[in-house]
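Accompanying notes for the structure given below.
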Amino acid sequence: MAPADPPGPEPVAPLGVRLADRIRAEGPLGYADWVEACLYDPDAGFYAGGGSAGRRGDFLTSPEVGPLFGAVLARWLDDRWEALGRPEGFTVVEAAAGVGTLARTVLAAEPACLAAGRYVMVERSSTLRAAQPVGDGLASVADLSEVEPIGAGAVLANELLDNLAFDLLEHDGSAWRRVLVDIGDGGFVEVLGAEAEPPAAHSPVTRPASVAGARIPVQDEARRWVEAALDLVARGSVLVVDYASTTPAMADRPVDGWLRTYRDHERGGPPTDAPGSQDVTVEVAVDQLPAGAATCTQAELLRRHGIDDLVEAGRRLWEERAHLGDLEAMRARSRIAESEALLDPEGLGGFTVLEWTLGGAVGS
Ligand SMILES: C[S@@+](CC[C@H](N)C(=O)[O-])C[C@H]1O[C@@H](n2cnc3c(N)ncnc32)[C@H](O)[C@@H]1O
């Protein structure tokens, strides 16, 4: 008789079942714990299941619109490298690198700063990391804490902070209270927990206390991530691009305007629905991040770093080669459409760019 196969790993219960067990054992979950499990549970979190940006993914981000975003960021990187006196070993760290789309397009633009430099992708999801390109001067790690201190360089994060776990507070008419996730009759429900202080932001929450039902996010994890990125760089920049707001502005808006869910390019259900099956994302409260960043919109950043020149060059190439209809002609034409999406003030162009500069680097 053939020996029996060794027992395989125990099957893991569905995420909803495990979260319900946890709530029964420990009581209602803090919102940050809930979001953390929904997005990053190693077996069934949204990103463990391969949820991602891209035309075939769940939502479209600037790098996924096409190569133009990376081509302009390559110019931005060269600008910062020049400002630092063209140091050798310039290091670019890209957090939330996903499957490496931005890395590919930055490298394809061949910025001079990377001729003797290196590019490190940081991506938490092992599913997405497995699809990243690998090669000369291109490294991949799972967490920022694995990156060696950077003498001169830049840390970039496009649409990372909106995807980090956050807590929620609701005003009950006399005080802010934590929003927790509990088990209700028909599934998971939000309930109010203990009183809590609003986040120590550098612009205070001015919402009058009498407005019951106002909600605000508490984005400690986003603040800690920026602090860690700032600690990493001796000379250079930390550049964050995201949809952003401020804590007081969010207190004045309905919560579903700034706390959203996505699945297959559509808005998803309430954040307590079907854990792990949808992206849960929040606008970034810039007043909760470390002070001192220069801010502009994505459209302003891209214009300052030559998007119009790249589009004009594409337009000329398209006119010369349209009759050939070859790949080069098509790529040139697609730049025009890409730039419209990237600069749209109601969409990606209106995103907020925050840049912290360190060690005497000059930004513009
Ligand atoms: C909205 S996607 C953005 C992907 C990409 N930057 C883009 O613009 O297309 C957010 C990504 O951040 C990753 N992520 C979340 N927390 C992270 C962390 N602490 N470090 C690195 N990546 C992280 C997620 O796994 C996900 O791939």
For the range 17-30, Karplus-derived ³J(HN,Hα) couplings (6.51, -1.76, 1.60; θ = phi - 60°; whole Hz; x for glycine and proline) come out as 5, 5, 5, 5, 4, 5, 5, 4, 7, 10, x, x, 8, x
Computed curve, the chain, Cα-only Debye sum without solvent term, log₁₀ I(q)/I(0) at 0.12, 0.14 Å⁻¹, is -0.94, -1.21
Of every hundred units of 1.4 Å-probe accessible area on the chain, the number belonging to carbon and sulfur atoms, as a percent, is 51
If the chain between His265 and Glu320 were fully extended at 0.36 nm per residue, the gain over the current Cα-Cα distance would be 16.2 nm
Taking the range 168-278, the whole-percent share of alpha-carbon pairs separated by over 21 angstrom is 50
Residue separation between Val12 and Asp220 times 0.36 nm, minus their alpha-carbon distance, gives in nm 71.9 nm
Percent antiparallel among DSSP beta bridges confined to the chain, nearest 5, equals 55
Summing -39500 (n - 2.57) over every DSSP H run of at least 4 residues in the chain and dividing by its residue count gives a helix-only mean residue ellipticity at 222 nm, to the nearest 500 deg cm²/dmol, of -9000 deg cm²/dmol
Reduced to Cα centres, the span from the range 317-364 to the range 220-289 in Å works out to 24
dims of the range 140-190, Cα set, principal axes, largest to smallest, nearest Å -> 52, 29, 18
Given trypsin sites (Lys or Arg not before Pro), DSSP loops and at most 16 other Cβ atoms within 10 Å, the longest exposed-site-free stretch of the chain is 57-364
In the range 278-364, the GluC sites (Glu not before Pro) that sit in a DSSP loop and have at most 15 other Cβ atoms within 10 Å of their own Cβ are Glu346
Extension length gain for Ser126 and Ala294 (0.36 nm per residue less Cα distance), in nm, is 57.2 nm
With every protein chain in place, the accessible area of His171 for a 1.4 Å probe, in Å² rounded to the nearest 10, comes to 10
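The values are calculated or read from the model by the stated rules, or taken from the named source; none is laboratory data. Every value quoted in this text rests on a predicted model; they were computed, and no experiment measured them. Reconstructed Cβ throughout: ideal geometry from the backbone, glycine too, with neighbour counts over all protein chains shown. Each accessible area value is taken on the protein alone, full model and side chains, heavy atoms only, with ligands, DNA and RNA left out. Shrake-Rupley method; radii C 1.70, N 1.55, O 1.52, S 1.80 Å.
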